[in-house]
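J.: Handing you this structure, nothing more for now.
Nothing in this text is a laboratory measurement; each read-out follows from the coordinates by a stated rule. Given the structure is predicted, the values throughout are model-derived calculations rather than measurements. Cβ coordinates were reconstructed from backbone atoms using ideal geometry, including for glycine residues, and neighbour counts include every protein chain displayed.
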Amino acid sequence: MADSEIFLADVDLLKDAVVKDLVSHELAHSWFGDLVTCKNWAELWLNEGFATFMEAAYREKTVGRQDYLRKIDEDAKEFLVDDVTSRKRHALFDVRAGDVNGLFDDSAVTYNKGGAVLHILREQVGSEAFWKALNIYLNKHKFGNVESTDLRAAMEEASGQDLGWFFEQWVYGAGAPKLEIRQTWKARAKTLTLTVTQVQGDAITPMVFRLPMDVLMKTASGETTEKLEVTKRTQTFSFKLDDKPTAVKLDPYEKIPLKRAKIHPLELPK
């Protein structure tokens, strides 16, 4: 196949994906925006975040999990870039939502972050509880208006979890966590120590996010995955390994794509 034919085939695939995302987005508004709709403009993310998330959910249903994660990651990255450059930074719950005409222009938070946050919420409560909660949410409030507190109540009912912390940082707080990870290997003790520091900080972004994640560690003999939960500004985690790690990957399953993370090279103390 000639290069030009390959290029045209790629363009056709891109067009197909764009069309499917658009159609699935607008169809999702039949439920999120029509059957139930946000009570006020500050809660617009409940319409547009869900419609954006459903673009990824449709991909998962028709193509598979990897394409779902690819779409979530694309949305997360688009928000993270915008978060650095935008002069209109705000939380998903937008207390400054007075300029109705400008709401839909400032889409990276409401649409892209909104969709990614719903993915993180799904990972937190589990897929079964997540879809059960949406059924509760839609049926309880059909033909009515909703607020973020209504979504929280449905998720808590289905999962049995207290999600106050989740909504406080992801819905009512702005921005995203920025992490610095330093790794130290103690050969005699065969222990890897990870020091995770949250370095984000401004007037509207939480100084500390709660981040339940996994960490994947590779050695010459294989790999292992452990759970960790970041809850402090600076926190240390230690793991016993059979050998010096050759690679360390934070959040390998993309449970929290809304983050910036820098892992420093392995340190070998004398």
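J.: Looking at the chain, what % of its DSSP beta bridges pair antiparallel, to the nearest 5?
T.: Antiparallel: roughly 75 percent of the beta bridges in the chain.
J.: For segment 201-244, what is the Kirkwood estimate of the hydrodynamic radius, computed as the reciprocal of the mean inverse distance between distinct Cα atoms, to one decimal in Å?
T.: Over segment 201-244, the inverse of the mean reciprocal pair distance is 12.6 Å.
J.: Additional query: Taking the Cβ of each residue in 71, 88 as the centre, tally the other Cβ atoms inside 10 Å and list the residues starting with the fewest.
T.: By the 10 Å Cβ count, ascending: 88, 71.
J.: Pick out which of 17, 57, 176 has the largest mean-square fluctuation in a Gaussian network model of the chain, springs linking Cα atoms closer than 10 Å.
T.: Comparing 17, 57, 176 in a Gaussian network model of the chain, the most mobile one is 17.
J.: Taking a 27 Å limit on the Cα-Cα distance, which of the listed pairs 113/227; 132/218; 77/262; 39/113; 39/132; 186/255 fall beyond it?
T.: Beyond 27 Å: 132/218; 186/255.
J.: What is the packing order of peptides 214-227, 30-43, taking the mean over residues of other C-beta atoms within 10 Å and listing the highest first?
T.: With the highest mean Cβ count within 10 Å placed first, the list reads 30-43, 214-227.
J.: List the residues of segment 239-258 whose backbone N lies under 17 Å from a point placed 7 Å from the Cα of residue 191 along the Cα-to-Cβ direction.
T.: So the set is 239-245.
J.: At a threshold of 8 angstrom on Cα-Cα distance, excluding pairs fewer than six apart, so keeping six or more, what relative contact order does segment 3-170 reach in percent?
T.: Relative contact order comes out at 27 percent.
J.: Next question, about the same structure. Pull out the extension gain between residue 239 and residue 204, defined as 0.36 nm times the separation in residues minus the alpha carbon to alpha carbon distance; nm, one decimal.
T.: Answer, rounded to one decimal: 9.2 nm.
J.: Same structure, new question: Rounded to the nearest 500 deg cm²/dmol, what is the calculated helix-only ellipticity per residue at 222 nm for the chain, with -39500 (n - 2.57) per DSSP H run of length n ≥ 4?
T.: -14000 deg cm²/dmol
J.: Full extension from residue 168 to residue 60: what is 0.36 nm times the residue separation minus their Cα-Cα distance, to one decimal in nm?
T.: Result: 36.1 nm gained on full extension.
J.: Right, next: Could you pull out the GluC sites (Glu not before Pro) across segment 123-206 that fall in loop regions by DSSP (anything but H, G, I, E, B) with no more than 16 other Cβ atoms inside 10 Å?
T.: Of the GluC sites (Glu not before Pro), the ones in loops of segment 123-206 whose Cβ has at most 16 other Cβ atoms within 10 Å are 147.
J.: Measure nothing but the geometry: give the 0 to 90° angle between the long axis through the Cα atoms of 45-62 and the longest principal axis through the Cα atoms of the chain, rounded to 10°.
T.: 70
J.: How much length is gained if the chain between residue 216 and residue 149 is pulled fully straight, taking 0.36 nm per residue apart and subtracting their Cα-Cα distance, in nm to one decimal?
T.: Full extension from residue 216 to residue 149 adds 20.7 nm.
J.: If you line up the long axis of helix 127-141 against the longest principal axis of the chain, both from Cα atoms, how many degrees apart are they, to the nearest 10?
T.: 20
J.: Next question. Could you give P(r) for segment 92-221, binned at 10 Å from zero, as whole percent values over all Cα-Cα pairs?
T.: Per 10 Å bin, starting at zero, the Cα-Cα P(r) for segment 92-221 comes out as 10, 31, 30, 18, 7, 3, 0 percent.
J.: Sticking with this one: So how tilted is helix 114-125 from the main axis of the chain? Cα-based, degrees 0 to 90, rounded to 10.
T.: 60
J.: Straight-line reach from residue 190: which aspartates and glutamates fall under 14 Å, measuring Cα to Cα and dropping same-chain residues less than 8 apart?
T.: Answer for residue 190, where 14 Å is the Cα cut-off: 242, 243, 267, listed by chain and number.
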